[in-house]
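Peer 1: Shown below is the structure under consideration.
The values are calculated or read from the model by the stated rules, or taken from the named source; none is laboratory data. Predicted model only: the values in this text are computed from it and were never measured. No Cβ is skipped: glycine too gets one built from the backbone with ideal geometry, and neighbour counts run over all protein chains shown.
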Amino acid sequence: QISNIFLSEIECHKDGSKKNSFKVILLNKCQDEFTKKDIYDAWRIEKKGYDEQKGSFSDSERRVKEEDLEFRRIKTKKQMLGNIRFIGELFKIGMLKVKVMRDCIENLLKLQQDKDADGNLTGNIIDLDDIDMDEEDHEAVQKLFITIGSTIDQGKYRDVIDVYFFKIEGFSDDM
């Protein structure tokens, strides 16, 4: 069975409207865009292939190929940063909760909330040191904090924000 059993047409209509509302669709699309594994994978593969073969290209072919690769990299980067900013703006107008924003920030910073033996969140944040952040994640975090900084910097979440900024501060020492 695909859906719930409804006792009336009104109940069915309400359920369908809720699941297909613009807000739900918009938030689901934002989540899908944010959770894309690595939008630069195809570009990196093509760049690697180009680097291996660039000696066989003439100067004009090499220039055209390099311009095309750079254009695609910039386009992908602008799309990713635009999505991050859009998510931040949705948070500022109250369409996203603080928990969602914390998940986004922790995902970008490669942080994770600690869990106890039963799988319940403890409130502690642990650093996933074994996972390196790439340049795009650094820039995305910066863009997100520019967008939501004053909104999320509330007294209740101050300790968590301090953890985030401690991790960000560490970037300045890591060349």
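Peer 1: Can you tell me how many residues in the stretch 146-175 are of a type in the set (Gly, Ala, Ser) and surrounded by 10 or more Cβ atoms within 10 Å (Cβ to Cβ)? Show your work before the answer.
Peer 2: Narrowing the stretch 146-175 to residues of a type in the set (Gly, Ala, Ser): 149-150, 155, 170, 172.
Pick out the ones that are also surrounded by 10 or more Cβ atoms within 10 Å (Cβ to Cβ) and you get 149-150, 170.
Final tally of qualifying residues: 3.
Peer 1: Further question: Of LYS47, LYS65, LYS75, which residue is basic (Lys, Arg), under 28 Å from LEU108 (Cβ atoms) and surrounded by 12 or more Cβ atoms within 10 Å (Cβ to Cβ)? Working first, answer last.
Peer 2: Details: LYS65 fails: under 28 Å from LEU108 (Cβ atoms); LYS75 fails: surrounded by 12 or more Cβ atoms within 10 Å (Cβ to Cβ).
Answer to the check: LYS47.
Peer 1: Can you name the number of the only condition in (1) closer than 17 Å to VAL100 by Cβ; (2) at pLDDT 85 or above that SER56 fails?
Peer 2: (1)
Peer 1: Take the stretch 93-118 and flag every residue that is loosely packed, with under 15 Cβ neighbours inside 10 Å and within 11 Å of ILE148 (Cα to Cα).
Peer 2: ILE93
Peer 1: Counting only residues that are among the hydroxyl-bearing types (Ser, Thr, Tyr) and in contact with an Asp or Glu (Cβ under 8 Å, 6 or more places away or on another chain), which one in the stretch 2-42 is modelled with the highest pLDDT? Spell out the reasoning first.
Peer 2: Step one: filter the stretch 2-42 for residues among the hydroxyl-bearing types (Ser, Thr, Tyr), giving 3, 8, 17, 21, 35, 40.
Now restrict to residues that are in contact with an Asp or Glu (Cβ under 8 Å, 6 or more places away or on another chain): 3, 40.
Details: SER3: 61, TYR40: 72.
Among residues in the stretch 2-42 that are among the hydroxyl-bearing types (Ser, Thr, Tyr) and in contact with an Asp or Glu (Cβ under 8 Å, 6 or more places away or on another chain), the one modelled with the highest pLDDT is TYR40.
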